[in-house]
Amino acid sequence: ARINLVIDDPDTPEDESENSSATLPNPSLEPQRGWNFDSSIEWYFNETGALALGVFYKDLDNQIDTGYKYADTIPGFGDQVFLITTATNIAGGWVKGVELAYQQEFRFLPGFLANTGMSFNYTWLDSKTDELEPRTGETLPLQGLSGDSFNVQLYYEDDKLSSRLLYNSRDDYYDRLDPYSRGTAIWNSGEPSLDFSLRYRFTEAFTAEFQVINILDSAKEEFAGFKQYVNSYNLYGTRYSLGATYRF
């Protein structure tokens, strides 16, 4: 448990104690349960290449929402009201989907291109819960799952140099109900991302690495039910890092 008690300053017109908050366990929390069906077929067409297709179905009960909030008093603190965050069980649901994966090193190419390779993953999902969007009455999907998502990675590997370019893309996805009012669903915008890394081994002991994160300068956006109702918008920019490792 974590309790943050804010003492009211009598010299100000505001009641600062209204900002008191706490994070408490929930002894009545029930474990999440479910059953899964998975099936896959894989083809290894050479030593480094593979193509795989999988299908799955999962049925879940007693999902756990760790961000549930409510206002109440806490024993030992009199009539002080806290905004309490705890875990709670929410509606069950199901998810079904298809996964496609491909990986290959292009050793058949001439020269340095023989050290290149590629991997690709695509996932299609459909999910539904017993929980309703308060404003529209429509059923909500499982938290954190996009309908379509995929990533592509191009890479180069030799004895000294390792380089990767990774692209990710996903659809918008449901994140949570508004933790204060529980009156609307909060969604995350599935912005694409592109990252690059380069690592060079100078000696057995010394390695240097350079990384570029979020080359596309993608933002992280939350919206309440509909895209025009922006809940938060964060722009982190492109980040660069340079590091070195020396092993004694």
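The values are calculated or read from the model by the stated rules, or taken from the named source; none is laboratory data. Source: prediction; values computed, not measured. No Cβ is skipped: glycine too gets one built from the backbone with ideal geometry, and neighbour counts run over all protein chains shown. The accessibility values were calculated without ligands, DNA or RNA, using every heavy atom of the protein model including side chains. Shrake-Rupley method; radii C 1.70, N 1.55, O 1.52, S 1.80 Å.
Within the stretch 215-248, which residues are farther than 18 Å from ASP171 by Cα and part of a loop (DSSP other than H, G, I, E, B)? Across the stretch 215-248, the qualifying residues are ILE215, TYR236, GLY237, THR238, ARG247, PHE248. Here GLY144 passes the criteria (1) at pLDDT 95 or above; (2) surrounded by fewer than 13 Cβ atoms within 10 Å (Cβ to Cβ); (3) closer than 26 Å to LEU100 by Cα except the one numbered (1). Contact map, the stretch 229-248: residues that are in contact (Cβ under 8 Å) with a residue 40 or more places away in the chain and within 27 Å of TYR200 (Cβ to Cβ) paired with residues that are in a loop (DSSP other than H, G, I, E, B) and of a type outside the set (S, T, N, Q), Cβ distance under 6 Å, separation 6+ or inter-chain. Pairs shown: TYR246/ALA205; ARG247/ALA205. Listed conditions (1) among the acidic types (Asp, Glu); (2) closer than 30 Å to THR245 by Cβ; (3) open to solvent by less than 70 Å² (accessible area, probe 1.4 Å) are all met by GLU204, apart from (3). Cβ-Cβ distances below 9 Å connect the following pairs, each with a first residue in the stretch 124-151 that is on the phi > 0 side of the Ramachandran plot, a second residue that is open to solvent by less than 30 Å² (accessible area, probe 1.4 Å) and outside any loop (DSSP other than H, G, I, E, B), and a separation of six or more residues or different chains: GLY144/TYR174; GLY144/ASN188.
When the stretch 110-141 is limited to residues that are under 28 Å from ILE41 (Cβ atoms) and over 23 Å from the mean Cα position of the chain (by Cα), the one that is most open to solvent (accessible area, probe 1.4 Å) turns out to be MET118.
Just one of the listed residues (ARG199, ARG176) is more than 30 Å from ALA244 (Cβ to Cβ) and out of contact with any Phe, Trp or Tyr (no Cβ under 6 Å at 6 or more places or on another chain), and it is ARG176. Considered as a group, the residues in the stretch 161-201 that are open to solvent by less than 30 Å² (accessible area, probe 1.4 Å) and among the aliphatic types (A, V, I, L, M) include one that is modelled with the lowest pLDDT, and that residue is LEU177.
Evaluating PHE210 against the criteria (1) assigned to a strand (DSSP E or B); (2) within 24 Å of LEU125 (Cβ to Cβ); (3) open to solvent by 30 Å² or more (accessible area, probe 1.4 Å) leaves one unmet condition, (2).
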